[in-house]
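**Q** Can you read through this structure? Questions will come right after.
The values are calculated or read from the model by the stated rules, or taken from the named source; none is laboratory data. Since the model is a prediction, treat every value here as computed from it, not as a measurement. Please note: Cβ atoms are built from the backbone with ideal geometry, for glycine as well, and neighbour counts cover all protein chains shown. Heads up: the accessible areas ignore ligands, DNA and RNA and are worked out on the full protein's heavy atoms, side chains in. Shrake-Rupley method; radii C 1.70, N 1.55, O 1.52, S 1.80 Å.
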Amino acid sequence: MFKMLCGIVAILGMHSCAWSVTKCTGNGKTWYQDTPCPADATSTQLELEANPPTPPQSTSSPTRRNAPTSSAAAPAATASAPVEETPSSTLEREAQMCFGWYQTNFPMGEGATYAIRGKNQRVLTIVISVPFTSVNIAGAPTTGTQATPASCEINNGVLDDGWTRTHAGRGPWPR
């Protein structure tokens, strides 16, 4: 019975779903949200996979970023070293702050990425995807990606640690 339950949980964990995100453009600004754009803005529907493949380092979309690397662990700069991307919008900078907070408080290993889900007033929501390898019920190694929603409270460009901990505690993150 226990093996059957583990098998069902493993199958459900591999289920792929997608979120719809709307890209809004208006008044010289671009933002992303999960609701329709205001009437005075141009909208474009985007579909984000919950378990996306990890994009190559050189080609990441505007809403997906690879985990930033620690400057202490990075080798000295050379001509062939990759250029780290700089966020092009306030939303992207805030998403990097949020992702960094979760990486610091919930170590997730190599290959973790995030996708911007949207922002509602001061609450920014991202989806963190972490690759994993496990052994299935038949004993064969299985790889996949675990996508988990994460929220941060950001007030005037500063991440609020207390409220972000509260949001993490309300979600699937361990306390």
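**Q** Does at least one position in the range 85-94 carry a residue that is surrounded by 11 or more Cβ atoms within 10 Å (Cβ to Cβ), touching an Asp or Glu at 6+ places or on another chain (Cβ under 8 Å) and at pLDDT below 85? I'd like the intermediate steps shown before the answer.
**A** Narrowing the range 85-94 to residues surrounded by 11 or more Cβ atoms within 10 Å (Cβ to Cβ): 85, 87, 89-94.
If we keep only those that are touching an Asp or Glu at 6+ places or on another chain (Cβ under 8 Å) as well, we get none.
Scanning the range 85-94 turns up no residue that is surrounded by 11 or more Cβ atoms within 10 Å (Cβ to Cβ), touching an Asp or Glu at 6+ places or on another chain (Cβ under 8 Å) and at pLDDT below 85.
**Q** Give me a count of the residues in the range 132-158 that are touching a residue at least 60 places away in the same chain (Cβ under 8 Å) and more than 20 Å from GLY171 (Cα to Cα).
**A** From the range 132-158, those touching a residue at least 60 places away in the same chain (Cβ under 8 Å) are 134, 136-137, 142, 144-147, 154, 157; that's our starting set.
Among the residues that remain, those that are also more than 20 Å from GLY171 (Cα to Cα) are: 134, 136-137, 142, 144, 157.
Final tally of qualifying residues: 6.
**Q** Tell me which residues, restricted to the range 39-57, are open to solvent by 60 Å² or more (accessible area, probe 1.4 Å) and either assigned to a strand (DSSP E or B) or modelled with pLDDT of 75 or more (or both).
**A** Restricting attention to the range 39-57, the residues satisfying the condition of being open to solvent by 60 Å² or more (accessible area, probe 1.4 Å) are 39-40, 42-45, 47, 49, 53-54, 56-57.
Selection gives ALA39, ASP40, THR42, SER43, THR44, GLN45, GLU47, GLU49.
**Q** Which number in (1) touching a strand residue (DSSP E or B) at 6+ places or on another chain (Cβ under 9 Å); (2) open to solvent by 60 Å² or more (accessible area, probe 1.4 Å); (3) not aromatic (Phe, Trp, Tyr) marks the one condition that ALA138 misses?
**A** The failed condition is (1).
**Q** Moving on. Tell me, which residue of the range 150-159 that is crowded, with 16+ Cβ neighbours inside 10 Å and not aliphatic (A, V, I, L, M) is farthest from VAL127 (Cα to Cα)? Before you say what the answer is, go through the steps one by one.
**A** Taking the range 150-159 first, the residues crowded, with 16+ Cβ neighbours inside 10 Å are 150-154, 159.
From what is left, the residues that are not aliphatic (A, V, I, L, M) are 151-153.
Details: SER151: 9, CYS152: 11, GLU153: 15 Å.
Among them, the one singled out is GLU153.
**Q** Then there's this: Filter the range 109-124 down to residues that are open to solvent by less than 60 Å² (accessible area, probe 1.4 Å) and touching a residue at least 40 places away in the same chain (Cβ under 8 Å), then give me how many there are.
**A** 9
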